[in-house]
1. Using Cα pairs under 8 angstrom and six or more residues apart, how large is the relative contact order of the chain, in percent?
2. Using the Cα atoms of the stretch 149-285, I'd like the radius of gyration and the largest Cα-Cα distance, Dmax, both in angstrom.
3. Please list, by residue number, every one of the GluC sites (Glu not before Pro) in the stretch 170-224 that is coil in DSSP and has at most 13 other beta-carbon atoms within 10 Å.
4. Return the distance in nm (one decimal) between the two label points of a simple spin-label model at ALA121 and VAL210, each offset 7 Å from Cα along Cα→Cβ.
5. If I model a spin label as a point 7 Å beyond the Cα along the Cα-Cβ vector, how far apart are those points for THR197 and ASP30 in nm?
6. Report the one residue of PRO182, SER6, MET79 whose Cα lies farthest in the direction of the positive end of the charge dipole of the stretch 6-193 (charges on C-beta: Lys and Arg +1, Asp and Glu -1; origin at the Cα centre).
7. Considering every pair of different Cα atoms, what Kirkwood radius, in Å, is found for the stretch 6-193?
8. Using only Cα atoms, tell me the angle between helix 301-317 and the longest principal axis of the chain; keep it within 0 to 90° and round to the nearest 10.
Amino acid sequence: MRPNASKNQELTKQYPFVTDILSARMEPHDGNGGTSVNDLTIRVEKADGDLMFRRANNIGLGDSSCIFQFKGNRKDQVMRRGEYLFAIDGKGKIVNRVNWPRNDEEKRKTGEIYGWSALWAGRVTFANNKEGYSNPIWDKVKYLVWVTVEAWHTDTKNDDMPGGRFGEFKDRSVHITIYGAPDQGFEKLQEESSVYTNLSLDTRVMIRGVLDKNHDIVSMGGMLYEMCIMFQDEVYFNGMKEVLDGSEFHGASGQFGAVKVLCAEMCGYDRVMLEDSASYVSFQLRPGSKHMYVLGQQGTLPQIRNLVRTMVRMWREKPELRVAFKPDKNISVA
């Protein structure tokens, strides 16, 4: 949407601090190193626990990573992305700003940073060299504003060029979500939020958690494995694998309520994905093995648990629905 579109003008008038945010320097910049905006979207929501444990998904800031598309109006273009969180007080002033690590190298130095850190104005180093937060500003904050900045460039398709694959600048977009204070207030929201309920799990989070010996992440990895074993015992080795093995296409799929199941045999490995509109989890079976393992996931622990429980319940309690799982020649499991 154009920055001067009527809807954006109305929201900017209602929330004047949006103008200050747009003028702040946030990577990635435009072609002249500035803050011009070609596309702007503004949304208004209420803060929740997922925001407290949200992390930035920065791409192409200080490293060679990028996002690209093979078709559509972005074909032959690549994109950088930077994300930020601003805390706004009752007078509409910016009182805090969270700049997440730009890339994995910086993240190794700082550790994980979550959205709730915007509610603290300072950091301290304890005697054991562990870092923590100080000076809470819960009582000052009226809004938390999540900002995603994206800049598209032509794709040079040559990593060895001075700018890598980022060629001529095309356009820069800013996506803003204004989160109003929850009914219980920000202090109570942070207290009530839990890493076990609100943290979105992906492969990178799980790997870093193991490397950093993060007790919570390691524990959740064990919970995911238990879900995997429950799925293999109740569903996969209880009729599902027979359908896959009997398929001439080496693939099968089915819809069970809101859960879609995709299953394929790839180079001797059996792979299954359960997904809905908000999350997914995939399991894999090595050739000759009797035990599946978790291959990947995206979503909070409750979301993934719901996927597995729904599938197990419908497969076990309603055998007549199993006919929905059929051979599928168009199957593709990531």
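Laboratory data are not the source of any read-out in this text; all were calculated from the coordinates shown. Keep in mind that what you see is a predicted model, and the values were worked out from it rather than measured. Ideal geometry is used to build each Cβ from the backbone, glycine not excepted, and the neighbour counts take in all protein chains shown.
1. Result for the chain is 15 percent.
2. 21.5, 57
3. Of the GluC sites (Glu not before Pro), not one in the loops of the stretch 170-224 has a Cβ with at most 13 other Cβ atoms within 10 Å.
4. 4.2 nm
5. Calculated label separation equals 4.4 nm.
6. SER6
7. It is 17.9 Å.
8. Result, in degrees: 20.
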